[in-house]
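Only one structure is covered here, and it is reproduced in the block below.
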Amino acid sequence: MQNPFDKNLPSCSALSIEVNEQLYGTAPLTEVWIALEYPFPFGGKALEESTIPDAVRAYLIKIQKSFPATRLLLIRQEKPNPEMRAFVGLSSILPPRLYEFHLSNYEELLKLDFASLLSGQVKWSGNFRDKPLFLVCTNGKRDPCCVQWGYPVYSAMAKQAADLVWQTSHLGGHRFAANVICLPHGIYYGRVRPEQATSLMSDYQNSRLSPQNYRGRAQYASEVQAAEYYLLAKTSNLDVDEFQLRHSRQITPNRWEVTFNSVADGIQYFLIITANNSAFTNYESCSTPEKRSPRLQYQLERWSKS
């Protein structure tokens, strides 16, 4: 695939595949998800370019700045819903939670007490959503790779379970399109293709991970995401809730010790992860082909269990 901004260069996603860039360890750090239904096409800067009232936009931006590691998304389906939907996902608490709200207008968001919601107070139990949510980045105004690869994936997933799947404005990582996020766990997948989409959905609905396209669990730092990927590969245990992070310790600037506990049997797993700049260079987006740079690539030095 050529870069639509420069016909002499490959697209960012094609180049990432060509140089064999790792997927794991690339999920952008996110602990809180706010996904708001917006029935119109997304702009490159989705919230800023939307028709959402100024006061609501300012409020949402304030919330995003007030709570670290918060990602604000606009989402849409092919057919707008009679009532507007808003979702809030909390990925970093155990167990992770997902809330759903039905709104008659955007101004109702101004009355939503995000502070108590994000603290997990019981009064919000009536808004718990017990079904997963799949968000697929299709924002071609942000990067054309996202719509080229994302929309066919969205369509394939929507055919299987339309009520669970939404197009979204920006997940991060254009060069890994198509990108899919699974909530409430905050699990990122990249380079998803339509023929993989339905099995990925089924795996997550059955509490299983799909390692082939695994970018990482967004509430973890990149080196921890890489450690979890290697742990899944070494143990062949793909249960989404099987391993809990115990601690991560930086040993040197490019070396970490990461420890996970097994929920099922209490076994502790110790992994030493290293990171080095790649020999290749690539660019993050089709719009910035002049900004090629190396990428950190993670390796497993050793692992053990006790």
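No value in this document is a laboratory result; all are computed from the given coordinates. Keep in mind that what you see is a predicted model, and the values were worked out from it rather than measured. Don't worry about glycine lacking a Cβ; one is built from the backbone with ideal geometry, like all the others, and counts go over all protein chains shown.
In whole Å, how far is the Cα centre of region 283-300 from that of region 80-153? Here the answer is 30 Å between Cα centres.
With a simple spin-label model that places each label point 7 Å from the Cα along the Cα-to-Cβ direction, the separation between Thr198 and Phe270 comes to 4.6 nm.
Filter the GluC sites (Glu not before Pro) in region 200-306 to those in DSSP coil with at most 15 other Cβ atoms within 10 Å of their Cβ, and list the result. Counting only loop positions with at most 15 other Cβ atoms within 10 Å, the GluC sites (Glu not before Pro) in region 200-306 are Glu290. Close amide H pairs (under 5 Å, H built 1.01 Å from N) link Arg215 with Tyr188, Tyr189, Gly190, residues at least 5 positions away or on another chain. Across region 204-218, computed HN-Hα scalar couplings (Karplus, 6.51 cos²θ - 1.76 cosθ + 1.60, θ = phi - 60°) run 5, 5, 9, 6, 10, 8, 10, x, 4, 10, 6, 8, x, 9, 5 Hz from first to last residue, x flagging Gly and Pro.
Relative to one another, the C-alpha centroids of region 171-221 and region 225-269 are positioned 18 Å apart. Under 5 Å between amide hydrogens, built in the peptide plane, is the criterion, and for Ser92 it picks out nothing among residues at least 5 positions away or on other chains.
Oblate is the label for region 136-223. Its Cα gyration tensor axes, ordered a ≥ b ≥ c, give a/c of at least 1.5 and b/c at or above a/b. Phi angles of region 52-57 translate, via the Karplus equation with coefficients 6.51, -1.76, 1.60 and θ = phi - 60°, into HN-Hα couplings of 4, x, 3, 5, 6, 4 Hz per residue; Gly and Pro are given as x.
Each label was represented as a point 7 Å from its Cα along the Cα-to-Cβ direction; for Ser278 and Gln299 these points are 1.6 nm apart. If you sort the three axes of the alpha carbon gyration tensor as a ≥ b ≥ c, you get a/c of 1.5 or more for region 1-142 and a/b above b/c, which makes it prolate.
Peptides 51-60, 199-208, 26-35 ranked from most to least packed give 26-35, 199-208, 51-60, packing being the mean of other C-beta atoms within 10 angstrom over each peptide's residues. For GluC sites (Glu not before Pro), the sites in region 76-115 that DSSP calls loop and that have at most 16 other Cβ atoms within 10 Å are Glu78, Glu83. Taking the Cβ-Cβ separation of Ala58 and Asp163 as r and a Förster radius of 25 Å, what is the calculated FRET efficiency to the nearest 0.05? According to the calculation, E is roughly 0.20. Couplings 3J(HN,Hα) of region 295-300, computed from phi: 10, 5, 10, 9, 10, 8 Hz, in residue order, whole Hz [Karplus 6.51 cos²θ - 1.76 cosθ + 1.60, θ = phi - 60°; x for Gly and Pro]. For the pair Ser155 and Glu18 in one chain, pulling the backbone fully straight at 0.36 nm per residue adds 46.7 nm over the alpha carbon distance. The calculated 222 nm mean residue ellipticity attributable to helices in the chain amounts to -7000 deg cm²/dmol, summing -39500 (n - 2.57) over DSSP H runs of n ≥ 4 and dividing by all residues. Remark: Val19, Val224, Val153 ranked as Val19, Val224, Val153, counting other beta-carbon atoms within 10 Å and listing the fewest first.
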